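To start, the structure under review is shown below, and the notes come after it.
The values are calculated or read from the model by the stated rules, or taken from the named source; none is laboratory data. Please read all numbers here as calculations on a predicted model, not as lab measurements. FYI the Cβ positions are ideal-geometry reconstructions off the backbone, even for glycines, and counts take in every protein chain you see.
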Amino acid sequence: MRKLFGTDGIRGKAGEFPLNQETVMMLGRSIALQFKEKEGKNPKFIIGRDTRESGEWIEKAFHAGATTAGASSLSAGVITTPGVAFLTRKHDFDAGIVISASHNPYHDNGLKVFLPSGKKLGKDAESAIEMAVHSSEKISPSGFGIDDSQSIGFQSEYVSHLASEFKRLSLSGFKIVVDCANGAASELATGLFASFGADVIAINNKPDGKNINRDCGSLHLEKVQSKVLEEEADFGVAFDGDADRSLFVDEKGNLVDGDATLWVMAQHLKKNGKLRGNRVVATVMSNIGLEIALNTLDVELLRTDVGDKYVLEELQKRQASVGGEQSGHIIFPSFSLVGDGMQTTLFLLEALRENNKTLFEMSSGFRQYPQVLVNVKVKEKLPFEEVAEIAEKAGEVENALGETGRLLLRYSGTENLARVMIEGEEQVKVERLANDLARVIDSIIGEEA
């Protein structure tokens, strides 16, 4: 049975399995049945989507399938992923359905399900849904219409909620460049930041169904970097397609990624006595420079596997105040259990204003160490520690790196690849060490070995 759910819901090419109309209808029905069996009543869903041309028909197909199991749905229209999570909790929907493929190109799409808690479906529920989709059952919905009469109200409610969390924030005289990635933030972000008095310059905010993430947004920071310098702006931010993450640019045009954002927020929260446990949560991919910088504040960095759901689990387990990924997913669990690019932007701006510093000044003290990633095609995924030659070479590399370097050796979850990631103070040195270790792996378990 083919697995449909990955670490962030279901993704694929729109119009092809599992995102063809028939399968999406089955997903709607199967998800509705899961909630109906658990709650003993017909479930209520809220559905939101990003700006991809396929979003509207996928939304209607999901709704049509869900109605065959007695579910009802309301559309929030084009809205961010965290916007759907907020509305799900606020209005006590049984689940929020997001139709988006995040930073992927327009021809892809996806589907993820949020519980009112902000968490995603559990593995047991995902497995049951996958089994139902792979069954031979066929369904014939009676109609494909979905009620979108409240969509504008839902969107306004979400933006008002964000604004209400930062009542003391004033951005008067502050110039911001906002790259909306032609995605879900296109109609929402400008008004939100302008409501605080900022001079907002929006770019890539005219979606046409096909230009989402195209040469813009969080994957193409060069656009917002050049615009910040051209406009002599104080600050730049770029979202991805569904605006659950954000990357920043300081007033000098420098990139401020998720690691640097965690550094700024750790300083601010610790100064105000709000960094619970003196801990920050990040993933194994976060740069060693973050760990070294946090050590100067006597703040511990806790690392998880890659994926915002693992970051959230650790945040809740440790009752920590902030965590996130290098890619710009930042979570403040006291406010939301999902990454929210617009909320993160407001938190960062609040930190700058309260400290009376620029983003360049606040992010100083964090040095991004050189990082090298080498992939090796392998014929089998043997545990590295059980292969003597690999284990010995890895030990030599770690000794050579010392306390100012880091080796991360792991297999890809989806391909037959061994990934060698090394960080250290000197680019030439980490490249040499990474290639040396990669050659040993290739000679023993490589595709041609």
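Points worth noting:
- Residue list for region 423-449, filter: surrounded by 14 or more Cβ atoms within 10 Å (Cβ to Cβ), closer than 22 Å to Glu380 by Cα and among the hydrophobic types (A, V, I, L, M, F, W, C): Ala434, Leu437, Ala438, Val440, Ile441, Ile444, Ile445
- The set of residues in region 206-222 that are part of a helix (DSSP H, G or I), surrounded by fewer than 21 Cβ atoms within 10 Å (Cβ to Cβ) and at pLDDT 95 or above contains only Glu222.
- Within this structure, Thr23 fails the test of being touching a Gly at 6+ places or on another chain (Cβ under 6 Å), crowded, with 19+ Cβ neighbours inside 10 Å, within 28 Å of Ile212 (Cα to Cα) and assigned by TED's automatic domain parsing to the domain that holds Arg89.
Rundown of residues vs (1) basic (Lys, Arg); (2) in the same structural domain as Met26 (by TED's automatic domain parsing); (3) within 23 Å of Tyr158 (Cα to Cα); (4) in contact with a strand residue (DSSP E or B) (Cβ under 7 Å, 6 or more places away or on another chain), yes/no style:
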| site | (1), (2), (3), (4) |
| --- | --- |
| Ser75 | no, yes, yes, yes |
| Thr80 | no, yes, yes, no |
| Ala101 | no, yes, yes, yes |
| Lys112 | yes, yes, yes, yes |
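- Residues of region 26-70 satisfying the condition of being among the acidic types (Asp, Glu), part of a loop (DSSP other than H, G, I, E, B) and either surrounded by fewer than 19 Cβ atoms within 10 Å (Cβ to Cβ) or touching a strand residue (DSSP E or B) at 6+ places or on another chain (Cβ under 6 Å) (or both): Glu53
- Test: Thr283 is polar (S, T, N, Q), touching a residue at least 24 places away in the same chain (Cβ under 8 Å) and surrounded by fewer than 18 Cβ atoms within 10 Å (Cβ to Cβ): no
- Scan region 359-368 for residues that are part of a loop (DSSP other than H, G, I, E, B) and touching a helix residue (DSSP H, G or I) at 6+ places or on another chain (Cβ under 9 Å) and the total you get is 4.
- Failed item, numbered, when Lys138 is tested on (1) in the same structural domain as Ala69 (by TED's automatic domain parsing); (2) within 27 Å of the chain's Cα centre (by Cα); (3) of a type in the set (D, E, K, R): (2)
- Candidates are the residues of region 297-328 that are in contact (Cβ under 8 Å) with a residue 40 or more places away in the chain and closer than 18 Å to Asn272 by Cβ; the one that is surrounded by the most Cβ atoms within 10 Å (Cβ to Cβ) is Gly323.
- Hits in region 295-310 - residues which are of a type in the set (Ser, Thr, Tyr) and not in a strand (DSSP E or B): Thr296, Tyr310
- Only one entry of Ala233, Ala260 meets the criterion of being crowded, with 20+ Cβ neighbours inside 10 Å, in the same structural domain as Ala185 (by TED's automatic domain parsing) and part of a loop (DSSP other than H, G, I, E, B), and that entry is Ala233.
- Pair list, Cβ under 7 Å, 6 or more apart: region 41-70 residue within 9 Å of Met25 (Cα to Cα), other residue part of a strand (DSSP E or B) and not aliphatic (A, V, I, L, M): Ile58/Asn109; His63/Ser73; Ala66/Phe45; Ala66/Ser73
- Summed over region 124-150, residues that are outside any loop (DSSP other than H, G, I, E, B) and either touching an Asp or Glu at 6+ places or on another chain (Cβ under 9 Å) or touching a residue at least 40 places away in the same chain (Cβ under 8 Å) (or both) total 9.
- From Glu354, Glu392, Glu361, residue being surrounded by fewer than 18 Cβ atoms within 10 Å (Cβ to Cβ), within 28 Å of Asp442 (Cβ to Cβ) and at pLDDT 95 or above: Glu392
- Region 312-358: number of residues that are aliphatic (A, V, I, L, M), over 16 Å from Ala189 (Cβ atoms) and assigned to a helix (DSSP H, G or I): 4
- Answer from Leu348, Leu290, Leu294 - the residue that is out of contact with any Asp or Glu (no Cβ under 9 Å at 6 or more places or on another chain) and buried (at least 22 other Cβ atoms within 10 Å of the Cβ): Leu348
- Matching residues in region 175-205 - criterion: being β-branched (Val, Ile, Thr) and not in a helix (DSSP H, G or I): Ile176, Val177, Val178, Val200, Ile201, Ile203
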